[in-house]
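Peer 1: A single structure is presented below for examination.
The values are calculated or read from the model by the stated rules, or taken from the named source; none is laboratory data. What you see is a predicted model; the values in this text were computed from it and never measured. No Cβ is skipped: glycine too gets one built from the backbone with ideal geometry, and neighbour counts run over all protein chains shown. Heads up: the accessible areas ignore ligands, DNA and RNA and are worked out on the full protein's heavy atoms, side chains in. Shrake-Rupley method; radii C 1.70, N 1.55, O 1.52, S 1.80 Å.
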Protein chains: 2
Amino acid sequence: MRIARYESGGKISYGIVEGDSVTPIEGDLFGSKRPNGPAAPLSSVRLLAPVVPRMILATALNYPSHLGNFTASPRPELFVKGLNTLSNPGDDVIVPADSGRVDYEGEMVAVIGKRAQKVSVAEALDYVFGYTCGNDVSCRPWQRADMQWFRGKSCDGHGPIGPWIATADEFDPTNMELRTILNGKEVQHCNTGEMINSLAEIISFASQTCVLEPGDIIFSGTSGQPLQINPGDVVDVTIDGLGTLSNPIVADPLPSTWQDLRQDTRQLAGSR
Amino acid sequence: MRIARYESGGKISYGIVEGDSVTPIEGDLFGSKRPNGPAAPLSSVRLLAPVVPRMILATALNYPSHLGNFTASPRPELFVKGLNTLSNPGDDVIVPADSGRVDYEGEMVAVIGKRAQKVSVAEALDYVFGYTCGNDVSCRPWQRADMQWFRGKSCDGHGPIGPWIATADEFDPTNMELRTILNGKEVQHCNTGEMINSLAEIISFASQTCVLEPGDIIFSGTSGQPLQINPGDVVDVTIDGLGTLSNPIVADPLPSTWQDLRQDTRQLAGSR
């Protein structure tokens, strides 16, 4: 089953996607639900991020091809993305003023369906509601310059997901073909089976620290060496058989108002 | 004005605290509000985290006495704490299974009152609704072992705030006396004027990356070298003239279910 969240005529609904149409549903998104209206053409609605999470987790360095000079970690290397990063299919992804360089990171995103507290690796996938595509947009110079990745990974709108959720019964998270297409050219292609820490391991590990709630999402890592994106580009993240998340890249309409008032007056050191 | 959030008879309300009583209010917490019921003794209600944020930011290395071997950064070093860390005055703070060592970090916490996007340092304090006390509870070995501080700073309940908000007109964020008391003994004492990056600088800097919304909170950093806390301890964080946040420390009732399945089978390196 494919579940979308969308806006139509000013109203936000969840719905089941079949072919080129979407049928609104009522009930519990993660439990019992039923149609409550006529199907509408997908082309007549605006798709939204398919779920509204309370927590957005993401995984660093989880594909061998992305490690570069790093070595694989014995455990998932997780980080929190602010809820301000959530954005919709088709939404502009802004290159923040003064950010220097912004990269795409196409990823498979898991959506939690049941409250998960300290679940084992063996049972972890029972807690997955479904899968979608995500772009863990990264401001690389800030990511490298700062102790933590707030600026690097949590700029407003830097975590689009979509186009909809494919429920967990439809895909094997250890065998999904994941691609990123930049301006029509494939620039990332991996199979999720290449993950260093599997999705089951990520969920088990995360659930030791944070009780995962239905709707929480986990970005599972990117492959290869992502490229810079610039205003005018379009980034598509696609999972074969699932669908495509597409976002245009735009310049920041607002200049930065930050200036380091103390650069001249305090002693600074180059390394931390 | 002192504004609390509290539960009484199963109902959650905001209210104005005067002396030993609290009067419920209706309207816009951050705007026009008025009393809508009789005052109740504070002793008859259960205080909650005084606000429910959409974003919890925190500041690393922001007091000279906390730097240790680090050097001061020319900009605020910010990180995101998951919303799962929010907890209430009096709530148990759990020492997570296998965490090794957990420290208190008593901090002044600012509550945003107006939408703040790319605000300048000069105007940043206009966006502050008020102040409260917070404990940025830290799992030190995890903080040091991991690339990012998800386990180190975002365990469930590891960000209690309270006991209430003192509105911004009542305090000068560059001159608040902040103390932490461990089992009745003062273990941290600083003045918020000692901050390396002032609250105004933190807010301006954060607002370049993330539009701050009313209710969002910012932990502004801790002083000195915090000590380990253990089950049976009680940690109080207090701002002179504002109030005291008090939380008991308890053992984790649930063992960890994480085990590194790949420790023996993959090549690991000691440094990243």
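Peer 1: Which fully enclosed strands (runs of 3 or more DSSP E) of segment A:1-56 have 2 or more residues being at pLDDT below 95?
Peer 2: Where strands (runs of 3 or more DSSP E) fall fully within segment A:1-56, none carries at least 2 residues being at pLDDT below 95.
Peer 1: Shifting gears a bit: Taking the criterion of being in a strand (DSSP E or B), more than 13 Å from chain B (Cβ to nearest Cβ) and surrounded by 22 or more Cβ atoms within 10 Å (Cβ to Cβ), would at least one residue in segment A:75-86 satisfy it?
Peer 2: no
Peer 1: Same structure, new question: Please go through segment A:197-210 and pick out each residue that is open to solvent by 10 Å² or more (accessible area, probe 1.4 Å) and part of a loop (DSSP other than H, G, I, E, B).
Peer 2: If the condition is that a residue be open to solvent by 10 Å² or more (accessible area, probe 1.4 Å) and part of a loop (DSSP other than H, G, I, E, B), then A:S198 is the only one that fits.
Peer 1: Scan (1) without any contact (Cβ under 8 Å) to a residue 24 or more places away in the chain; (2) buried (at least 22 other Cβ atoms within 10 Å of the Cβ) for the single condition B:N69 breaks and write down its number.
Peer 2: (2)
Peer 1: Now, a different point. Looking at segment A:89-107, which of its residues are touching a helix residue (DSSP H, G or I) at 6+ places or on another chain (Cβ under 9 Å), part of a strand (DSSP E or B) and of a type in the set (A, V, I, L, M, F, W, C)? Even if it seems obvious, please write down each step before you answer.
Peer 2: Here is the first cut: in segment A:89-107, the ones touching a helix residue (DSSP H, G or I) at 6+ places or on another chain (Cβ under 9 Å) are A:96-103, A:105.
Narrowing the set further to residues that are part of a strand (DSSP E or B) leaves A:102-103.
Listed by number, the list holds a single entry, A:V102.
Peer 1: Could I ask something else about it? Search segment A:146-165 for residues that are more than 7 Å from chain B (Cβ to nearest Cβ) and free of Cβ contacts under 8 Å to residues at least 24 places away in the same chain and pair each with any residue that is surrounded by fewer than 24 Cβ atoms within 10 Å (Cβ to Cβ) and part of a helix (DSSP H, G or I) when their beta-carbon atoms are under 6 Å apart and the residues are at least 6 apart or on different chains.
Peer 2: As it stands, the answer is A:G152/A:W142; A:G152/A:Q143, since those pairs meet every condition given.
Peer 1: Only one of these conditions is not met by A:I229: (1) at pLDDT below 95; (2) among the β-branched types (V, I, T); (3) open to solvent by less than 10 Å² (accessible area, probe 1.4 Å). Which number is it?
Peer 2: Going through (1) at pLDDT below 95; (2) among the β-branched types (V, I, T); (3) open to solvent by less than 10 Å² (accessible area, probe 1.4 Å) one by one, A:I229 breaks only (1).
Peer 1: If the requirement is being of a type in the set (S, T, N, Q) and closer than 16 Å to A:V250 by Cβ, which of these qualifies: A:S138, A:S99, A:S120?
Peer 2: Going through A:S138, A:S99, A:S120 in turn, the sole match is A:S99.
Peer 1: Now for a separate question. Please go through segment A:94-112 and give me each residue that is crowded, with 22+ Cβ neighbours inside 10 Å and away from chain B (no Cβ under 14 Å), ordered by number.
Peer 2: A:Y104, A:E105, A:G106, A:E107, A:M108, A:V109, A:A110, A:V111
Peer 1: Here's another thing I want to ask about it. Among all residue pairs at least 6 apart or on different chains, which show Cβ distances below 7 Å where the first residue, located in segment A:20-35, is open to solvent by less than 30 Å² (accessible area, probe 1.4 Å) and the second is basic (K, R)?
Peer 2: A:I25/A:K33; A:I25/A:R34
Peer 1: If we scan segment B:108-119, do we find a residue that is within 30 Å of B:L227 (Cα to Cα) and in a loop (DSSP other than H, G, I, E, B)?
Peer 2: No; the residues of segment B:108-119 include none that is within 30 Å of B:L227 (Cα to Cα) and in a loop (DSSP other than H, G, I, E, B).
Peer 1: State whether one or more residues within segment B:101-117 are at pLDDT below 95 and more than 11 Å from B:P160 (Cβ to Cβ).
Peer 2: First, the residues of segment B:101-117 that are at pLDDT below 95: none.
Within segment B:101-117, none of the residues are at pLDDT below 95 and more than 11 Å from B:P160 (Cβ to Cβ).
Peer 1: Looking at this structure, is B:A72 among the small types (G, A, S) and either at positive phi or at pLDDT below 95 (or both)? Walk me through it before giving the result.
Peer 2: Numbers: among the small types (G, A, S): yes; either at positive phi or at pLDDT below 95 (or both): yes.
Yes: the conditions hold for B:A72.
Peer 1: What's the total number of residues in segment B:236-246 that are within 17 Å of B:T222 (Cα to Cα) and either part of a strand (DSSP E or B) or open to solvent by less than 40 Å² (accessible area, probe 1.4 Å) (or both)?
Peer 2: Pass one, segment B:236-246, residues within 17 Å of B:T222 (Cα to Cα): B:236-240, B:244-246.
Narrowing further to those that are either part of a strand (DSSP E or B) or open to solvent by less than 40 Å² (accessible area, probe 1.4 Å) (or both): B:236-239, B:244-246.
Total meeting the criteria: 7.
Peer 1: Is it true that some residue in segment B:16-29 is farther than 12 Å from B:G159 by Cα, within 14 Å of another protein chain (Cβ to nearest Cβ) and touching a Ser or Thr at 6+ places or on another chain (Cβ under 8 Å)?
Peer 2: Step one: filter segment B:16-29 for residues farther than 12 Å from B:G159 by Cα, giving B:16-29.
Checking the rest, the ones that are also within 14 Å of another protein chain (Cβ to nearest Cβ) come to none.
No.
Peer 1: Return the pairs, sorted by first residue and then second, in which the second residue is in a loop (DSSP other than H, G, I, E, B) and among the polar types (S, T, N, Q), the first residue lies in segment B:247-260 and is within 14 Å of chain A (Cβ to nearest Cβ), the beta carbons are less than 6 Å apart, and the residues are 6+ apart or on different chains.
Peer 2: B:T257/A:S120
Peer 1: Out of the residues in segment A:38-64 that are among the small types (G, A, S) and surrounded by 13 or more Cβ atoms within 10 Å (Cβ to Cβ), state the one that is nearest to the other protein chains (Cβ to nearest Cβ).
Peer 2: We begin by selecting, within segment A:38-64, every residue among the small types (G, A, S); these are A:39-40, A:43-44, A:49, A:58, A:60.
Of the ones still in play, those that are also surrounded by 13 or more Cβ atoms within 10 Å (Cβ to Cβ) are A:39-40, A:49, A:58, A:60.
Details: A:A39: 34, A:A40: 31, A:A49: 15, A:A58: 9, A:A60: 6 Å.
Here the residue is A:A60.
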